[in-house]
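Report on one structure; see the data block that follows.
The values are calculated or read from the model by the stated rules, or taken from the named source; none is laboratory data. Bear in mind that the values here come from a model prediction, so they are computed numbers and not experimental data. Heads up, the Cβs are rebuilt from the backbone with ideal geometry, glycines too, and the neighbour counts pull from every protein chain shown. SASA here: full protein model, heavy atoms, side chains in, ligands and nucleic acids out. Shrake-Rupley method; radii C 1.70, N 1.55, O 1.52, S 1.80 Å.
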Amino acid sequence: VLVSMICSPPQNYPLYIRSVPTENELKFHYTVHTSLDVVDEKISAMGKALVDQRELYLGLLYPTEDYKVYGYVTNSKVKFVMVVDSSNTALRDNEIRSMFRKLHNSYTDIMCNPFYNPGDRIHSRAFDNMVNSMMMQVC
Amino acid sequence: SGELFVLTYGALVAQLCKDYEKDEDVNTCLDRMGYGIGVRLIDDFLARSAVKKCRSYSETANMIAQVAFKMYLGVTPTVSCSSAAGNEFSLILDKNPLVDFVEELPAERASLCYCNLLCGVIRGALEMVHLPAEVTFLQDRLKGDAVTEIGITFLRKAEDRKHRRN
């Protein structure tokens with residue numbers, strides 16, 4: 001099971017959410033929303049630290065009963081959240097990091113599209129394909 | 001700096017789309033802007049490339065594709081002559097740097113010619129060297145075609161007819 005979501009400040013509403021498989025989607029929406037608080041906590045804890053690649057990746061936010069939640073925040077304070085099954089022990093830290101990096105790169109491509117207004121929901125086909133292939137690899 | 005140019009062009013088109021409701025208006029505006037750029041760009045081009053006078057339409061078309069496009073956009077379209085009279089050519093671009101970040105046209109802008117500025121530039125430049133022409137997009141990747149094709153139709157002028165009598 002894998003869920004990913006992208007939220008943007010300041011209202012933190014989701015720009016994109018996708019889960020595989022798609023049942024129980026509401027529960028994941030809830031999990032991701034609650035994890036946003038943890039993300040905000042981590043960001044404020046970092047204070048005035050210089051942001052480099054390592055600090056963009058927030059790591060394991062908190063483990064719940066059967067899920068692990070990972071976070072990543074960009075310099076522009078756009079938050080990426082990923083929820084994975086705890087049973088999926090094969091997923092290692094650097095794999096998660098590379099997934100976040102791919103998400104970030106695709107997100108930058110979307111931002112460069114002149115017809116995309118920042119704050120809109122993301123409807124790009126290329127982005128959907130990238131997320132799908134990434135999730136298929138994991139599940 | 002190539003990316004800055006592409007992003008600037010994108011912002012320009014997006015702003016025009018906000019200003020004008022109809023696609024044809026945006027296309028016309030882009031063409032007019034391109035024309036203004038073309039009539040000025042031709043001098044820069046001639047100064048930098050130091051090419052000799054072209055003696056035929058096909059030489060001109062080749063010059064545009066191989067020298068001008070290469071110089072300003074970094075790509076070289078292929079030229080093909082599409083009429084027996086020798087005055088219609090098409091430039092086929094399989095890579096168009098201007099649309100690098102644009103995935104597809106938004107649904108409400110289906111007939112927008114995103115790169116119409118290029119048509120205006122070519123038209124303006126040709127007119128300044130006394131070769132009036134009509135330049136349009138024949139195929140556009142953003143609209144689902146396989147390649148992007150720009151058609152140049154050289155219009156006959158009076159001097160030309162004098163030539164042909166010989």
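Give me the residue from segment B:59-79 that is among the hydrophobic types (A, V, I, L, M, F, W, C) and outside any helix (DSSP H, G or I) and, out of that set, nearest to residue B:131 (Cα to Cα). Show your work before the answer.
First, pick out the residues of segment B:59-79 that are among the hydrophobic types (A, V, I, L, M, F, W, C): B:61, B:63-65, B:67-69, B:71, B:73, B:75, B:79.
Keeping just the survivors that are outside any helix (DSSP H, G or I) gives B:73, B:75, B:79.
Working: B:73: 22, B:75: 23, B:79: 18 Å.
My answer is B:79.
Would you confirm whether or not segment A:72-80 contains a residue that is at pLDDT 80 or above, part of a loop (DSSP other than H, G, I, E, B), within 14 Å of another protein chain (Cβ to nearest Cβ) and out of contact with any strand residue (DSSP E or B) (no Cβ under 6 Å at 6 or more places or on another chain)? No, segment A:72-80 contains no residue that is at pLDDT 80 or above, part of a loop (DSSP other than H, G, I, E, B), within 14 Å of another protein chain (Cβ to nearest Cβ) and out of contact with any strand residue (DSSP E or B) (no Cβ under 6 Å at 6 or more places or on another chain).
State whether the residues of segment B:19-36 include one that is aliphatic (A, V, I, L, M) and under 15 Å from the mean Cα position of the chain (by Cα).
Narrowing segment B:19-36 to residues aliphatic (A, V, I, L, M): B:26, B:30, B:33.
Filter once more, so that each one left must be under 15 Å from the mean Cα position of the chain (by Cα): B:30, B:33.
Yes, segment B:19-36 contains at least one residue that is aliphatic (A, V, I, L, M) and under 15 Å from the mean Cα position of the chain (by Cα).
Please determine whether any residue of segment A:88-97 is in a helix (DSSP H, G or I), in contact (Cβ under 8 Å) with a residue 12 or more places away in the chain and among the hydrophobic types (A, V, I, L, M, F, W, C). For segment A:88-97, residues in a helix (DSSP H, G or I), in contact (Cβ under 8 Å) with a residue 12 or more places away in the chain and among the hydrophobic types (A, V, I, L, M, F, W, C): present. When the residues of segment B:1-42 are filtered to those that are away from chain A (no Cβ under 14 Å) and among the small types (Gly, Ala, Ser), the one that is most open to solvent (accessible area, probe 1.4 Å) is B:1.
Say whether the condition of being closer than 22 Å to residue A:134 by Cβ, surrounded by 14 or more Cβ atoms within 10 Å (Cβ to Cβ), of a type in the set (Phe, Trp, Tyr) and modelled with pLDDT under 80 is met by at least one residue in segment A:42-57. Yes: one or more hits.
Any idea how many residues of segment A:117-134 are assigned to a loop (DSSP other than H, G, I, E, B) and either more than 9 Å from chain B (Cβ to nearest Cβ) or more than 20 Å from residue A:77 (Cβ to Cβ) (or both)? Result for segment A:117-134: 7. The set of residues in segment A:105-137 that are open to solvent by less than 30 Å² (accessible area, probe 1.4 Å) and β-branched (Val, Ile, Thr) comprises A:110, A:122, A:131. Among the residues of segment B:88-102, is any in contact with a Phe, Trp or Tyr (Cβ under 9 Å, 6 or more places away or on another chain) and open to solvent by 50 Å² or more (accessible area, probe 1.4 Å)? Yes, segment B:88-102 contains a residue that is in contact with a Phe, Trp or Tyr (Cβ under 9 Å, 6 or more places away or on another chain) and open to solvent by 50 Å² or more (accessible area, probe 1.4 Å). Only a single item in (1) within 14 Å of another protein chain (Cβ to nearest Cβ); (2) in a loop (DSSP other than H, G, I, E, B); (3) more than 24 Å from residue B:40 (Cα to Cα) is not met by residue B:111, and it is number (1). Counting residues in segment B:76-83 that are under 21 Å from residue B:30 (Cα atoms), more than 14 Å from every other protein chain (Cβ to nearest Cβ) and hydroxyl-bearing (Ser, Thr, Tyr) gives zero.
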